[in-house]
């Protein structure tokens, strides 16, 4: 009886998810075929994306790097919309690293302007889709007008209960671990405890992502085989999917392909899967 109820519930969920895609997926398209292949009971809870390739995309077209960043905004829209319709619990996008300050000033300024513009234009749609927006990283170092835009978006969507969209700004994986360790040590000190009592759980509770589901899938665009100081702690057992697609060309189909690739992996978390030999 319980299995029948669970099966019926799963069918209802599947029908709802597919209905969510009806208005954006064409009949007979590859998107539709990929959606039909997805195991809806094995979706990744948390997907993170290293959005790489904007500069190469622009160079291939004889355009300045800024043009690649502008074109990448449409890829952000596609990823956010697809993640929300799939029912992911969290989507984290690597937008600006602690190392990106080394880029030319005009490029940094342009990136920040695009972020502010994106939030102003997309905020109502993000809110309508029940997405909760937040940023992770050392955002206190960002310009005041950027922080104000972030605060407005975070406040407007704070009560939403759907997917959590985290944008990593002035973010570095090593810096995050340092910040988390410092915070955890301060708490230990306040409790009169020894540094030797520090545990992984205490550090994890201080990470920028402490309120998110465990990272299941890390996606890297542009074919580069590195994680570029992104979510170092969280990636310990995450599955990694690399696509040759440059970020400005990334669309719904590419995220669906990543999810299907994830579902084909055998996740053992350091253990062994018991194999019984047939006699």
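Throughout, read-outs are computed from the coordinates displayed, never taken from laboratory work. What you see is a predicted model, and the numbers here were worked out from it, not measured in a lab. Note that we place each Cβ from the backbone using ideal geometry, even for glycine, and neighbour counts take in every protein chain shown.
Structure data summary
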quantity: Rel. contact order, % - alpha carbon contacts under 8 angstrom, at least six apart, the chain; calculated: 25 percent
quantity: Tensor-based shape of the range 108-175 (alpha-carbon gyration tensor, a/c under 1.5 rounded, otherwise prolate or oblate); calculated: oblate
quantity: The range 29-180: relative contact order in percent, alpha carbon pairs under 8 Å with at least 6 residues between; calculated: 27 percent
quantity: Cα gyration tensor category, rounded, prolate or oblate, for the range 54-183 with a/c compared to 1.5; calculated: oblate
quantity: Linear extension gain, residue 226 paired with residue 214, 0.36 nm per residue minus alpha-carbon span; calculated: 2.3 nm
quantity: Spin-label pair residue 205/residue 121, simplified geometry with 7 Å Cα→Cβ offset, distance in nm; calculated: 4.3 nm
quantity: Kirkwood Rh (inverse of mean 1/r, distinct Cα pairs), the chain, angstrom; calculated: 20.5 Å
quantity: Extension gain, residue 40 back to residue 20 (0.36 nm per residue minus Cα-Cα distance, nm); calculated: 5.8 nm
quantity: Ranked packing of 119-129, 203-213, most packed first, by mean Cβ within 10 Å; calculated: 203-213, 119-129
quantity: Rounded FRET efficiency, nearest 0.05, which uses the C-beta distance separating residue 130 from residue 152 and R0 of 22 Å; calculated: 0.80
quantity: Cα centroid separation - the range 83-136 against the range 140-182, whole Å; calculated: 9 Å
quantity: Förster radius 22 Å - calculated FRET efficiency between residue 179 and residue 105, Cβ distance, rounded to 0.05; calculated: 0.25
quantity: Rounded, prolate or oblate (a/c below 1.5 giving rounded, otherwise prolate when a/b exceeds b/c) for the range 41-111 by Cα gyration tensor; calculated: prolate
quantity: Ascending count of other beta-carbon atoms within 10 Å, so fewest first, for 171, 118; calculated: 118, 171
quantity: Distance in nm between pseudo-label sites at residue 267 and residue 161 (7 Å out along the Cβ direction from Cα); calculated: 2.4 nm
